[in-house]
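What follows is a set of notes on a single structure, which appears directly below.
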Amino acid sequence: MDEKITDVITILDREDSPSQREIAKQTGFSVGLVNTLIKKCAKKGLVKIERLNSRNIKYILTPEGIKEKTQKTIDYIKRSYQAIQQLQNRVAELAFKHSAEGKKIYIYKKDEDEIYNLVTETLNSLDVNYDVIYKKSKLKEMTDNSVIYYWNSGLDINKDDTYNILV
């Protein structure tokens with residue numbers, strides 16, 4: 001529920017007087033859920049509800065609401081940074097192990113994404129050699145003295161000791 005409240009608060013902070021229907025459209029929540037969340041926010045002192053006329057209501061983020069949103073953003077950034085550090089440490093651990101074993105490192109790249117960029121940047125910073133495989137058909141050419149790093153659940157794996165799942 002906290003994440004949903006954070007989503008509503010974010011929209012209230014970003015938009016100028018959005019309706020509950022607009023908030024529902026942006027979040028994918030039902031209008032009824034948005035109504036419930038706004039009432040909870042008002043009860044917690046995060047949002048002030050101001051009636052403009054009989055049909056229009058304005059939702060104003062209070063200083064407490066801004067503080068809550070800021071704290072949630074900081075928490076999200078911290079968790080993301082920790083996840084990045086863990087991935088970089090895992091890549092370094094595997095790369096050092098496999099390099100010491102004399103294995104050739106390959107990266108299976110289905111799409112360019114943030115994980116691919118983190119993996120390659122980490123390997124480059126460690127000065128570890130690797131090659132990138134773009135097609136599944138190239139997997140058949142791998143030798144027993146090679147490892148493939150991947151994070152794609154669509155890859156059909158048979159030899160567990162030849163492949164390393166990073167995430």
Dipole of the chain, positive end: most advanced residue of ALA24, GLN88, GLN71 [Cβ charges, Cα centre]: ALA24
Gain in span if fully extended, ILE77 to LYS135, counting 0.36 nm per residue against the direct Cα distance: 17.5 nm
Given unit charges at Cβ for Lys, Arg (+) and Asp, Glu (-), the dipole magnitude of the chain about its Cα centre in debye, nearest 20, is 940
Give the long-range amide H neighbours of SER146: residues separated by 5 or more places, or on another chain, with amide H under 5 Å away, using H modelled in the peptide plane at 1.01 Å from N. LYS104
Dipole check, the chain, charges on Cβ (K,R +1; D,E -1), about Cα centroid: among ASN53, LEU126, ILE107 the Cα furthest to the positive pole belongs to ASN53
Once the Cβ-Cβ distance between SER146 and ARG21 is put in as r, and R0 is 35 Å, what FRET efficiency do you end up with, to the nearest 0.05? 0.05
Go through LYS4/LYS109; LYS48/LYS78; LYS4/LYS44; LYS69/LYS109; LYS40/LYS67 and tell me which ones have a Cα-Cα distance over 24 Å in this structure. LYS4/LYS109; LYS48/LYS78; LYS69/LYS109
Subtract the Cα-Cα distance of LYS40 and ASP13 from 0.36 nm times their separation in residues, and report this length gain in nm to one decimal. 8.1 nm
Candidates (i) 9, 28, 17, 14, 18, 11, 3, 0; (ii) 10, 39, 39, 11, 0; (iii) 11, 43, 37, 8, 0; which is the computed P(r) over Cα pairs in 10 Å bins from 0, in percent? (i)
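Where a number appears in this text, it was derived from the coordinates with a stated rule and is not lab data. Bear in mind that the values here come from a model prediction, so they are computed numbers and not experimental data. Note that we place each Cβ from the backbone using ideal geometry, even for glycine, and neighbour counts take in every protein chain shown.
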